[in-house]
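Inspection log for the structure reproduced underneath, given as structure tokens.
FYI, it's all coordinate maths here, none of it is from the lab. Source: prediction; values computed, not measured. With ideal geometry, Cβ positions are generated from the backbone for all residues, glycine too; neighbour counts draw on all protein chains shown.
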Ligand SMILES: Nc1nc2c(c(=O)[nH]1)N[C@H]1C(S)=C(S)[C@@H](COP(=O)(O)OP(=O)(O)OC[C@H]3O[C@@H](n4cnc5c(N)ncnc54)[C@H](O)[C@@H]3O)O[C@H]1N2
Ligand code: MOO
């Protein structure tokens, strides 16, 4: 800007009356001016440590002429499914078999967080085999994730295996679905240590516990500072009863209500085994720990999947 000038008049708004420039009414001192350094001041902070780099962050760095930024290495995750009944998709399904959905759900969720995944396939319901596999996986990975076999059934050996190989820090959280989630630390070969999370087998329970337990852990391991997901207060367009003392995550969507304001609707199937409860909805409807009944018109929390995946 030429010395002495502090305001810009847009060319198309300017009119010449002979030799005189006519400035239209309404132009204020400082209009159409961008001060040097208003976006980022020299020496000022640009991107805080612990930030997950988004597209605009990279643009901001490039705009300063930078060609590199200091980043943390990717977190390495080992992933298993467990269960004698679990069968690899693409192979024949025996009469009592069920195709492995969780490993593919979790592979995609983990990769969306920027971690690398070692897909270690399916393990049977055998405490010795599980223990060996967990010990091997702990060496060379930051985090080991399993799904299935963490509940109280006779064939649920994951917790036993974890206790043999390392320690179980907690089991069971007051949420539904996902109550049987387990967390611990595994001691691998060569004294290597890895964090462990055992997710419940029901796919919607595996999803909910992934986003509520694994996601913040994985981001912390990656050096990021996770922020609490934004839970939007919205009007319930449904009725629901629940037990007090645990938080519930229903799968649902937002629709315009009769007055046009957004209203949460729940999916037709509430069971944690229904994978369409995830594909046919837009987010989780959070019902508070001590709530026992939701009536249409009550306020519930809504967290969109976009907020908690990736
Ligand atoms: N007596 C009790 N029984 C159960 C309880 C309880 O507290 N007491 N909790 C229930 C809850 S809540 C859940 S969730 C399940 C989870 O238990 P597990 O983690 O041991 O899961 P599984 O029994 O192995 O599997 C449950 C269900 O999910 C299917 N499954 C397992 N893995 C996969 C996979 N990779 N892909 C697709 N589907 C999978 C499995 O076949 C079962 O149908 O325990 C309740 N029981
Ligand atoms: O976690 Mo379970 O039923 O709550 O699916």
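Averaged over residues, the count of other Cβ atoms within 10 Å places the peptides 171-183, 39-51 in the sequence 171-183, 39-51, highest first. Could you work out how far helix 102-112 tilts from the main Cα principal axis of the chain, as a 0 to 90 degree angle to the nearest 10? With rounding to tens, the tilt is 30 degrees. Over what distance in Å are the Cα centres of segment 46-67 and segment 277-310 separated? Cα centroid to Cα centroid, the span is 33 Å.
In deg cm²/dmol, rounded to 500, what helix-only [θ] at 222 nm does the chain give when every DSSP H run of at least 4 residues adds -39500 (n - 2.57) and the total is split over its residues? Don't jump to the answer; show the numbers that get you there.
On the way: 8 runs with 62 residues, N = 310.
Computed ellipticity for the chain at 222 nm equals -5500 deg cm²/dmol.
Tell me, 130, 107 in order of fewest to most beta-carbon neighbours within 10 Å?
Details: 130 24, 107 14.
By the 10 Å Cβ count, ascending, the order reads 107, 130.
Each part gets one Cα centre, and for segment 184-232 versus segment 84-104 those centres are 24 Å apart.
Between residue 13 and residue 232, the simple spin-label model (points 7 angstrom out along Cα→Cβ) gives 3.6 nm.
If we sort 194-202, 230-238, 1-9 on the protection proxy, mean other Cβ atoms within 10 Å, highest first, what's the order? Display every interim value, and only then the final one.
Numbers: 194-202: 25.4, 230-238: 16.6, 1-9: 9.0.
Ranked by mean Cβ neighbours within 10 Å, highest first: 194-202, 230-238, 1-9.
Length gained on full extension, residue 23 to residue 69: 11.9 nm, using 0.36 nm per residue less the C-alpha separation.
Within the chain, antiparallel bridges make up roughly 60 percent of the DSSP beta bridges whose residues both belong there.
A viscosity of 1.567 mPa s and a temperature of 4 °C, combined with the Kirkwood radius over C-alpha pairs in the Stokes-Einstein formula, give segment 232-309 a diffusion coefficient of 103 µm²/s. Considering segment 77-117 at the alpha-carbon level, its Rg and Dmax are found to be 11.9, 37 Å.
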